[in-house]
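What follows is one structure encoded as structure tokens, with my remarks underneath.
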Amino acid sequence: MESQRIHSLDAMRAILMLLGVYFHLSLAYVTFGDGSEGWVKDPNSTSPFFDFVFASLHYFRMHAFFLIAGFFGSLLYHKRGVRKMIFNRFKRIFLPLIIFIWPVGLLSSYCERFSHARNDGQSILESLINSLSIFEVESPLELFPWYSTDHLWFLNYLFF
């Protein structure tokens with residue numbers, strides 16, 4: 001017998017992902033933070049409403065993702081066994097983490113420098129060019145994010 005998809009959990013994951021877009025958008029408009037966390041903010045565009053959006057979504061969104069992931073991990077373990085479950089985790093979580101950690105880290109560093117350059121009053125072209133300074137390192141190994149999984153932190157947590 002062919003196993004059936006649990007469409008309600010697929011829908012829940014989709015809703016949580018869409019809420020993630022609004023969660024991350026709200027970070028640029030919250031009233032707290034000084035910009036040291038990577039977000040350059042215009043104090044005139046912040047609002048307590050976005051503090052509420054941020055706090056509300058932060059309270060449950062990732063917890064729900066991990067709960068669903070645990071359910072599917074358990075389901076996979078009981079249906080296919082330990083070996084196939086571990087292989088599945090390597091293929092669907094660990095490989096994307098290893099493959100994308102470097103490009104996501106570089107893009108994140110570049111975008112952060114670009115954002116700070118624009119906030120300092122540089123033109124778009126100047127900001128684009130000056131942000132390439134992330135590549136000015138003594139060794140190419142310094143470009144690899146050894147210390148952090150950056151925006152892929154959730155893959156790190158899901159796998160380990």
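Table for the structure above
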read-out: Within the stretch 134-146, considering residues that are farther than 30 Å from Ala64 by Cβ and not aliphatic (A, V, I, L, M), the one modelled with the lowest pLDDT; value: Trp146
read-out: Qualifying residue in the stretch 125-142 (condition: in a loop (DSSP other than H, G, I, E, B) and within 24 Å of Gly20 (Cβ to Cβ)); value: no
read-out: Hits in the stretch 40-71 - residues which are open to solvent by 50 Å² or more (accessible area, probe 1.4 Å) and touching a residue at least 60 places away in the same chain (Cβ under 8 Å); value: Phe66, Phe71
read-out: Evaluation of Ile93 against (1) of a type outside the set (S, T, N, Q); (2) in a loop (DSSP other than H, G, I, E, B); (3) in contact with a Phe, Trp or Tyr (Cβ under 6 Å, 6 or more places away or on another chain); (4) open to solvent by less than 60 Å² (accessible area, probe 1.4 Å) (one fails), failing number; value: (2)
read-out: Among (1) in contact (Cβ under 8 Å) with a residue 60 or more places away in the chain; (2) surrounded by fewer than 13 Cβ atoms within 10 Å (Cβ to Cβ) - the single one Phe144 does not satisfy; value: (1)
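Matching residues to (1) at pLDDT 85 or above; (2) open to solvent by 50 Å² or more (accessible area, probe 1.4 Å):
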residue	(1), (2)
Ala117	yes, no
Leu132	yes, yes
Ser148	no, no
Phe160	no, yes
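The values are calculated or read from the model by the stated rules, or taken from the named source; none is laboratory data. What you see is a predicted model; the values in this text were computed from it and never measured. So basically every Cβ, Gly included, is an ideal-geometry build from the backbone, and we count neighbours across all protein chains shown. These accessible areas exclude ligands, DNA and RNA; they are computed on the full protein's heavy atoms, side chains included. Shrake-Rupley method; radii C 1.70, N 1.55, O 1.52, S 1.80 Å.
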